[in-house]
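The values are calculated or read from the model by the stated rules, or taken from the named source; none is laboratory data. Please read all numbers here as calculations on a predicted model, not as lab measurements. Counting neighbours? That spans all protein chains shown, and the Cβs are built from the backbone with ideal geometry, glycine included. Surface areas here come from the heavy atoms of the whole protein model, side chains and all, with no ligands, DNA or RNA. Shrake-Rupley method; radii C 1.70, N 1.55, O 1.52, S 1.80 Å.
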Amino acid sequence: MSHVVDRRLNGKNKSAVNRNRFLRRYRKHIKKAVSEAVHNRSITDMEQGEQVSIPSEDIHEPVFHHGAGGNREMVHPGNKEFVTGDRLPKPDGGSGGGSGEGQASDQGEGMDEFVFQITQEEFLDFLFDDLELPFLVRKKLKSADSYQYVHAGFTTDGTPAKLNVVRSLRKAYARRISLAGKRKRRIRELEDRIAALEAQPDSEDPAFSKERQIEDFQAELDELRRQVKRIPWIDEIDLRYRQHRREPKPSTSAVMFCLMDVSGSMTQVHKDIAKRFFILLYLFLQKNYKRIEVVFIRHHTAAKEVDEEEFFYSRETGGTIVSSALKLMHRIIEERYPSDDWNIYAAQASDGDNWNDDSPICRRLLEEKILPMVQYYSYVEITPHEHQALWEEYETVQANFPDRFAMQQLSDASEIYPVFRKLFEPKTA
């Protein structure tokens, strides 16, 4: 008989099972509260959970009670004012004192609320509940590490499938040389002596018998040849098997490129909105795709790949050449992320300001080099004003690649989450 033991850590007087059941039951109310919280506080303030209020009438649980009907007579002990048969007047409406904590209104109506706290983990779960990377090839993104076998030398024990024939024959040849080398040298000496004796004329000395010596040498020669023949051509000690060692291989096959404009035309307000957008994107990727790589690229007149810290907090500025970031992204893809093995995504944030001659170059780079290699490319323009040449060029790109390219406009921080949802809503591959 099997037993399942739940060892999840529970807080004092709390049950993880009951809490999960409660969150599933009132999912609609919690998602609404989380969406409102995003608008009421900063995107960067994700170090805490959120208080969620649910109307008491929505958490009403069914109970068993006595139904109407039947004759019931009772007189409570200690009663001095009423006797059996007296009729009690119904209380006037609104005059009773309720036990709820809802604030009273001038219409005499109110609503009790049930308030509870959700954790940061639960808050992010509901925040990114129905979002995903579009057109992600799921077989390329695995949830666990995979392993690869690498060559680790040779061993004298193994399966026939791992037998290394060349190395085994080499070992056998070396063994035969070492075992038969001395004998073969002696064989050659004996052959030379026998040939020399046969070439000599017969001696009349009775003490010297050429035939007797030849017979002795021939007997020794035959024995040596039999010994050499008994040396096995290949033996078990010669066999060598390939040995492999299992090494963990990261199964990450998705990469997100984050391109942010930090030129002088990007005011501090624009940069703050762009950073908040990318922080939301970064949280989304971390929460939903544990095995994904993120490449951060900042650009003004020149583009540079940076780490997370420099991407969000560096104060570097300059002119604007957007194509520098696209060229750097294309070079990194070719060097490190072949499109056959990786799901490639990109998110770009800019105020739309760019050199007029550079905007057509950006369009050609996207259409000819980048978009054929990526799964999805999203562009966010942070400006409350009219669009410039870069937006117009990108509109052409969107018309040519409607499934892989999406663009939205941001004017203030309150629009970050709605725009983010539009860009990363589920799409069918």
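What number of residues within region 367-386 satisfy the criterion of being outside any helix (DSSP H, G or I) and surrounded by 14 or more Cβ atoms within 10 Å (Cβ to Cβ)? Looking only at that region, the number is 12. Of all positions in region 332-347, at least one carries a residue that is assigned to a loop (DSSP other than H, G, I, E, B), hydroxyl-bearing (S, T, Y) and crowded, with 19+ Cβ neighbours inside 10 Å. Filter region 307-323 down to residues that are surrounded by 18 or more Cβ atoms within 10 Å (Cβ to Cβ) and touching a Ser or Thr at 6+ places or on another chain (Cβ under 7 Å) and give me whichever is farthest from E368 (Cα to Cα). Once the filter is applied, the top-ranked residue is T320. Looking across region 323-341 at every residue that is of a type in the set (S, T, Y) and without any contact (Cβ under 8 Å) to a residue 40 or more places away in the chain, the one that is farthest from P360 (Cα to Cα) is identified as S339. Restricted to region 266-286, and to residues there that are open to solvent by 10 Å² or more (accessible area, probe 1.4 Å) and aliphatic (A, V, I, L, M), the residue that is modelled with the highest pLDDT is V269.
Of all residues in region 287-306, exactly one satisfies the criterion of being surrounded by fewer than 18 Cβ atoms within 10 Å (Cβ to Cβ) and of a type in the set (G, A, S), namely A302. With respect to the conditions (1) free of Cβ contacts under 8 Å to residues at least 40 places away in the same chain; (2) open to solvent by 60 Å² or more (accessible area, probe 1.4 Å); (3) in a loop (DSSP other than H, G, I, E, B), R364 lacks only one, and its number is (3). Among residues of region 291-314 that are among the polar types (S, T, N, Q), those with a Cβ under 7 angstrom from a residue that is at pLDDT 90 or above and part of a helix (DSSP H, G or I), sequence gap 6+ or separate chain, pair up as T301/S324. S263 meets each of the listed conditions (1) closer than 25 Å to Q375 by Cα; (2) open to solvent by less than 10 Å² (accessible area, probe 1.4 Å) apart from (1). Restricting attention to region 199-251 and to residues that are at pLDDT below 75 and among the polar types (S, T, N, Q), the residue that is nearest to E293 (Cα to Cα) turns out to be S251.
Quick grid of which residues meet (1) open to solvent by 60 Å² or more (accessible area, probe 1.4 Å); (2) touching a residue at least 40 places away in the same chain (Cβ under 8 Å); (3) within 24 Å of R240 (Cα to Cα); (4) of a type outside the set (F, W, Y):
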residue: A152; (1), (2), (3), (4): no, yes, yes, yes
residue: S168; (1), (2), (3), (4): no, yes, yes, yes
residue: R176; (1), (2), (3), (4): no, yes, yes, yes
residue: L179; (1), (2), (3), (4): yes, yes, yes, yes
residue: R183; (1), (2), (3), (4): yes, yes, no, yes
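Just one of the listed residues (A413, A406) is under 24 Å from L280 (Cβ atoms) and touching a residue at least 60 places away in the same chain (Cβ under 8 Å), namely A413.
Residues of region 238-265 that are more than 30 Å from Y377 (Cα to Cα) and either among the aromatic types (F, W, Y) or touching a Lys or Arg at 6+ places or on another chain (Cβ under 7 Å) (or both): D238, R240, Y241, R242.
Residue-level check: of (1) closer than 26 Å to T301 by Cα; (2) surrounded by 15 or more Cβ atoms within 10 Å (Cβ to Cβ), Y417 misses just (1). Residue count for region 290-328, restricted to those that are modelled with pLDDT under 80 and either hydroxyl-bearing (S, T, Y) or within 20 Å of the chain's Cα centre (by Cα) (or both): 6. Once region 220-244 is narrowed to residues that are among the basic types (K, R) and surrounded by 11 or more Cβ atoms within 10 Å (Cβ to Cβ), the residue that is farthest from R167 (Cα to Cα) is R225.
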